[in-house]
Amino acid sequence: MNTEKVAIYIVDWLKTYAVNAGMDGFVVGVSGGIDSAVTSTLCAMTGMRTLCVEMPIHQAASQVTRAQEHITQLKKRFANVTDARVDLTPVFEEFKKQVPQGQKDPNLDLSLANTRARLRMSTLYYFAGLHRYLVAGTGNKVEDFGVGFYTKYGDGGVDLSPIADLMKSEVYKIGEFVKVPNSIMKATPTDGLFGDSRSDEDQIGASYDELEWAMKMKDEGKIPQDFIGREKVVLEIFLKLNRANQHKMIPIPVCEIPSTL
């Protein structure tokens with residue numbers, strides 16, 4: 001991959017799409033992670049208005065610091081960048097008061113985590129509606145089309161996905177090229193949806209490098225029985241998640257009524 005050419009291509013693609021859509025810019029949720037940092041920088045590089053929105057919900061201090069560091073340096077580099085901060089913690093807490101919660105329900109934590117992502121999606125579209133902006137997605141190829149590691153109608157609810165054809169390793173290469181802060185480049189990837197220190201790897205059971213390998217093996221028609229040890233385990237994890245999350249990756253099924261009825 002020619003990193004410079006790919007970055008320029010994405011920037012041109014973003015600008016062309018926005019102009020053709022008759023929109024005035026982009027809004028990006030900035031979390032302090034590599035994907036949102038790269039996406040917001042590429043949007044800024046279009047020269048169009050780019051709004052970076054920080055939306056903490058019981059966020060770890062380190063994530064908040066990285067997000068603020070990124071936004072600060074981006075505003076210094078690009079005059080077209082603005083920012084907003086919406087503390088969604090009280091909104092989330094009020095939501096929890098209004099819905100039934102079975103303390104022994106094994107799905108409670110995940111359901112609440114996904115609720116955080118959906119509150120953020122609604123917030124981004126609030127700003128998008130105010131300013132005629134497009135919501136730029138921050139998902140990479142492994143997350144969006146490999147293991148489905150995102151929230152349906154949460155961080156998956158976007159207008160366009162500029163880095164969704166890039167592997168995680170490629171996102172880091174773009175990040176280095178567009179000068180994403182070193183603190184973000186070195187940070188352990190996490191979705192930050194559970195209010196604790198668990199990483200993406202803790203949740204998935206495999207690192208992004210391993211998942212990239214597994215995604216390639218699947219494309220080559222390999223099966224777990226072709227491997228032993230850790231490689232077999234990783235491919236099993238990948239295939240399991242890929243099957244389970246197909247509902248996120250394919251278009252919403254439509255019940256088409258036969259003309260004969």
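The numbers here are math on the coordinates, done by the rules we state, and not lab data. Small disclaimer: the values here were computed from a predicted structure and weren't measured. No Cβ is skipped: glycine too gets one built from the backbone with ideal geometry, and neighbour counts run over all protein chains shown.
Per-structure values
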read-out	value
Cα convex hull volume per residue for the chain (Å³)	189
Karplus-derived 3J(HN,Hα), 6.51/-1.76/1.60, for each residue of the range 237-253, Hz, glycine and proline x	4, 4, 5, 4, 5, 4, 5, 5, 9, 4, 5, 7, 8, 9, x, 4, x
Options M217, A244, S207, ranked by Cα towards positive dipole end of the range 205-252, top entry (Cβ charges)	A244
Choice from V171, V19, V180 showing the highest fluctuation, given a GNM over the chain with Cα pairs closer than 10 Å	V19
Sites N20 and V254, calculated FRET efficiency, Cβ-Cβ separation with R0 25 Å, nearest 0.05	0.40
Relative contact order [Cα under 8 Å, 6+ residues apart], the chain, whole percent	20
Total charge dipole magnitude, the chain, about the Cα centre, Cβ charges on Lys, Arg, Asp, Glu only, Debye to nearest 20	420
Phi-based couplings in Hz for the range 139-149 (Karplus 6.51, -1.76, 1.60; Gly and Pro marked x)	x, 9, 5, 5, 6, 6, 10, x, 10, x, 8
Under 5 Å, built H, 5+ apart or other chain: amide partners of V27	L51, L134, V135, A136
Residue (of V38, L130, V27) at the positive-pole extreme of the chain, dipole from beta-carbon charges	L130
For M45, M1, order by how many other beta-carbon atoms lie within 10 Å, fewest first	M1, M45
Summed residue charge, Cβ within 14 Å of F127's Cβ, Lys/Arg positive, Asp/Glu negative	0
Shape parameters for the range 1-148, alpha-carbon atoms, Rg then Dmax in Å	16.8, 51
Sequence-distant lysines (8 or more away, or on other chains) whose Cα lies within less than 21 Å of K104	K96
Out-of-range pairs (alpha-carbon distance over 19 Å; input K141/K248; K75/K186; K5/K173; K141/K168; K5/K179)	K75/K186
Mean separation of Cα contacts under 8 Å (6+ apart) over length of the range 205-252, as relative contact order %	38
Relative contact order of the range 141-258, defined on C-alpha pairs under 8 angstrom at six or more residues apart (%)	31
J(HN,Hα) series, the range 206-218, from Karplus relation 6.51 cos²θ - 1.76 cosθ + 1.60, nearest Hz, glycine and proline x	8, 7, 5, 4, 5, 5, 4, 4, 5, 4, 5, 5, 4
